[in-house]
Amino acid sequence: MGGKNQLRLQMDLPPDYDYGAWIRHTGVEEACNRLALWSMHGGAIWLASDDVAGKSHLLRTFAADQAAVAMLEVSAETGEQSGMSSGALAQQWMASLQGHVHWLIDVQAGVMSQSTAHALFHLLERGRDLQCSLVIAWRGDPGTLPPELSSRLLAMEKIEMTPPADDEVLLNVLRSSAGRLQWDIREQVLQAMLTYLPRQLDVLVSALHALEILSFEQKHKPGPAWVKQQLIRIAGQLHPSLL
């Protein structure tokens, strides 16, 4: 079989979060350094950003590298979807964190439902009672939160993360993301992505996954013309204002 022919496995590979492969750039350097100190000395940290900056990915890679750390992912609508009271939901989250004193809490960006916000407040109170160290990653306006939760969040040490500042760092991030896919992607494809798509991490990483799926579904070798056509179409789907 020629080296250029590649068959996609008919299964989804588990996510592979490698802290050693994390791309450290100026926008995330402070957060990386602070997390290293936090793992030894503890504290309460709020990781924030104005735009998508890789907070969730950083927490997942860090959790995969630190066996003593427990991670919880919180959806903004968890409270309504579960039908549980805020207290019961907090208890459920506590069960998943039990036995750990270092917590990473990744909260979906945007406005939280009231029940989710109250459950998160109860969780933080329980963590404080147990003297746990915690990091919360959330992108949103504290003014939309119930007062009891916003006051807890604003009392934490806030660290702002920012997206890559230049194209070379963006390309490094895309190369790292492509390395976790079942696809040997060409450098020209990554360069084309920066030409036809907004330089935003959420758009670029989503487009990378979409290109991979299309390439295998259509059994199409991704040449320049095909890549350009697909990227323009993907840009319209992910970012309708570009049409």
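Read the figures in this text as sums done on the coordinates, not as results from a lab. Model, not experiment: these values are computed from the prediction.
Amide H contacts of residue 72 (H built 1.01 Å from N, in plane; Pro and chain starts excluded): 104, 105, 106 sit under 5 Å, all sequence-distant by 5 or more or on other chains.
Distance from the alpha carbon centroid of the stretch 110-153 to that of the stretch 31-85 works out to 12 angstrom.
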